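The values are calculated or read from the model by the stated rules, or taken from the named source; none is laboratory data. Small disclaimer: the values here were computed from a predicted structure and weren't measured. Here Cβ is always computed from backbone atoms with ideal geometry, including for glycine, and neighbour counts include all displayed protein chains. Note: areas computed on protein heavy atoms with side chains; ligands, DNA, RNA excluded. Shrake-Rupley method; radii C 1.70, N 1.55, O 1.52, S 1.80 Å.
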Amino acid sequence: MELPPIPPFKTKTVEPVYFNTKEERSQRISQAKYNLFNLHSDWVTIDLITDSGTGAMSEQQWSEIMIGDESYAGSESYFKLQRTVEDLMGFKLIAPTHQGRAAENVLFSATVKEGDVIPGNAHFDTTKGHIEFRKAIALDCTIKEAFQTNVEHPFKGNIDLEKLESVFVEYGKEKIPFIVITVTCNTVGGQPVSLKNIQQTKALAAKYQIPVYMDIARYAENAYFIKRRDEDFKDWSIKRIVLEMFRDVEVVWMSAKKDGLVNIGGFIALNNKALFEKLCQFTIIYEGYVTYGGMSGRAMGALAVGLREACEIHYLHDRVSQVKYLGDKLQNLGIPIQTPVGGHAIYINALKFFPHVPQGQYPAQLLAVELYIEAGIRGVEIGTLLADRDPETGKERYPEMELLRLAIPRRVYSLQHMDYIAVALSHIYAKAKEYKSGFKIIRQAPILRHFTVELERI
Ligand code: F0G
């Protein structure tokens, strides 16, 4: 018999998991106005609200915390990070920021102006927010399979090249400062982009003289999927795939809270010196001096180590397999999830889970609330609440998919925790047809309402 795979780490420090009763949770969530962002973390047993900044650091990362160089200018920790990024990704110039959206703020301040069009594969909310805030347009060019939860496609994060070319033809390089490829594509379910699609997108962009930028929050997971799902690259190392992904890319930016394996941090990396100098002005205004941006020396040191660890094949295999383990369990139970499962989360199709609950009553939020009450598991709604109202008409916007996202933190939970999640969901699914109504909104903010919205049961 073959030896079974095991996690490539063992535990040195632990933190508690909190247990509450169903009655306590019912009361807490009602007091929280049915908004899971209002829950204190010790009222939660398994926290799957995000995989961002919630991972466990290694002993090598913790030692960097002790030796971090906190010099205001010229910190050795900055140069350690710079050397790592150059070696792993091929970019010589790096501007640290306090997290991903701060990198977007700095980068777009230097590159995006009113009326611009920025095509890409399903931009993440903060990316879109920073584009729209500058009165520019984020144009989605993801392949259509991405929006069909039960259609099998190995690279649902891919860009539709025909659509992209039509956008290039319509707006031209004067209106398009760059195109963004997000790896993996969080908005459509942590779905990967194939290396061939990245290469073809780069070739098409070059034809129209449009620079390619990449949002690389989960670049290592994307590289792993390329190795596993494309025969042509199965013998390539992760490092070689990463370097090929980033070849001829003008700028990358990263929320380091994901594949950087740190709790806070981000950066922009590039080779274009003139653009870097432009960025530095915004880094200094918004983040901090150039050699620390928004990060401490110790956090930059831990990130330098985390970036390398995230590219180790044993780590990546364990990480992606854990998410798939939960996905397979749920599929075997007949629970409607997006397939194939992506790199960092499971997405449950709430319209299919609760067929009798109208979309206008927020079925994915209902599932989030019921899962919390059932077992203390906290996920996040990716549906109508998140989509928010049309900024022009003020009307509700109904997205194509109504999803509950269960994001799995890195190196934190075990397979037993995954079993617990599957059983909890099976309990609700067994009586799903009995749920006929969801929620109505009693209070909401003008924008980004999902963080603070207050709800009432119908
Ligand atoms: N880009 C992508 C693809 C992201 O997933 C995120 C954050 C950001 C940019 C922004 O980075 O949070 O460091 O400012 N995603 C988190 C999530 C919040 O839960 O998916 P940030």
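Cβ separations smaller than 8 Å between residues 6+ apart or across chains give the following pairs from the range 37-58 residues that are within 18 Å of Glu23 (Cβ to Cβ) to residues that are within 15 Å of the ligand (Cβ to nearest atom) and open to solvent by less than 40 Å² (accessible area, probe 1.4 Å): Leu39/Arg378; Val44/Arg378. What are the residue pairs meeting all of these: first residue in the range 184-195, first residue within 17 Å of Ser255 (Cβ to Cβ) and open to solvent by 10 Å² or more (accessible area, probe 1.4 Å), second residue in a loop (DSSP other than H, G, I, E, B) and within 12 Å of the ligand (Cβ to nearest atom), Cβ atoms under 6 Å, and 6 or more apart or on different chains? Listed by first residue and then by second, the contacts come to Asn186/Phe124; Thr187/Ala122; Thr187/Phe124. Entry remark, the range 179-196: residues being within 15 Å of the ligand (Cβ to nearest atom) and in a loop (DSSP other than H, G, I, E, B) number 6 in total. Exactly one condition in (1) near the ligand (Cβ under 10 Å from one of its atoms); (2) open to solvent by 10 Å² or more (accessible area, probe 1.4 Å) is not met by Ala102; state its number. Exception for Ala102: condition (2). Can Tyr413 be described as crowded, with 19+ Cβ neighbours inside 10 Å, modelled with pLDDT of 95 or more and part of a loop (DSSP other than H, G, I, E, B)? Criteria met by Tyr413.
For a quick check of your reading of the model, give me the residue pairs whose first member lies in the range 208-229 and is at positive phi, whose second is near the ligand (Cβ under 10 Å from one of its atoms), with beta-carbon atoms closer than 8 Å and at least 6 apart or on different chains. Hits for this filter: zero, empty list.
Against the condition closer than 30 Å to Tyr413 by Cα and surrounded by fewer than 20 Cβ atoms within 10 Å (Cβ to Cβ), how does Ile313 come out, does it pass?
Working: closer than 30 Å to Tyr413 by Cα: yes; surrounded by fewer than 20 Cβ atoms within 10 Å (Cβ to Cβ): yes.
Considered against the rule, which asks whether it is closer than 30 Å to Tyr413 by Cα and surrounded by fewer than 20 Cβ atoms within 10 Å (Cβ to Cβ), Ile313 comes out as yes.
Filtered by the rule that a residue be acidic (Asp, Glu) and either in contact (Cβ under 8 Å) with a residue 40 or more places away in the chain or buried (at least 24 other Cβ atoms within 10 Å of the Cβ) (or both), the range 316-335 gives a lone residue, Asp318.
Keeping to the range 203-226, report how many residues are part of a helix (DSSP H, G or I) and surrounded by 19 or more Cβ atoms within 10 Å (Cβ to Cβ). Break it down stepwise before answering.
Pass one, the range 203-226, residues part of a helix (DSSP H, G or I): 203-207, 219-226.
Subsequent filtering for residues that are surrounded by 19 or more Cβ atoms within 10 Å (Cβ to Cβ) retains 205, 219-226.
Total meeting the criteria: 9.
Within the option set Gly120, Gly129, Gly90, being away from the ligand (no atom under 12 Å from the Cβ) and among the small types (Gly, Ala, Ser) holds for one residue only, Gly90. One residue stands out in the range 53-83 among those that are surrounded by fewer than 20 Cβ atoms within 10 Å (Cβ to Cβ) and within 16 Å of the ligand (Cβ to nearest atom): the one that is farthest from Arg298 (Cα to Cα), namely Thr54.
Screening the candidates Thr97, Thr45 for the property of being assigned by TED's automatic domain parsing to the domain that holds Cys280 and open to solvent by less than 30 Å² (accessible area, probe 1.4 Å) yields one hit, Thr97. The residues listed here are Arg397, Arg378; of these, the one that is charged (D, E, K, R), over 27 Å from Arg25 (Cβ atoms) and in the same structural domain as Ala350 (by TED's automatic domain parsing) is Arg397. Has the range 248-257 got at least one residue that is among the polar types (S, T, N, Q), part of a strand (DSSP E or B) and surrounded by 17 or more Cβ atoms within 10 Å (Cβ to Cβ)? Yes, because at least one residue in the range 248-257 is among the polar types (S, T, N, Q), part of a strand (DSSP E or B) and surrounded by 17 or more Cβ atoms within 10 Å (Cβ to Cβ).
Exactly one residue among Gly266, Gly297, Gly301 is surrounded by 17 or more Cβ atoms within 10 Å (Cβ to Cβ), at pLDDT 95 or above and within 16 Å of the ligand (Cβ to nearest atom), and that residue is Gly266.
Among the residues making up the range 21-68, a single one is touching a Ser or Thr at 6+ places or on another chain (Cβ under 7 Å) and closer than 19 Å to Tyr420 by Cα: Asp47. Of note, Ser109 satisfies the criterion of being outside any loop (DSSP other than H, G, I, E, B), within 16 Å of the ligand (Cβ to nearest atom), surrounded by fewer than 22 Cβ atoms within 10 Å (Cβ to Cβ) and small (Gly, Ala, Ser). Looking only at the range 113-166, which residues are open to solvent by less than 10 Å² (accessible area, probe 1.4 Å), aliphatic (A, V, I, L, M) and assigned to a helix (DSSP H, G or I)? Selection gives Ile131, Ala146, Leu164.
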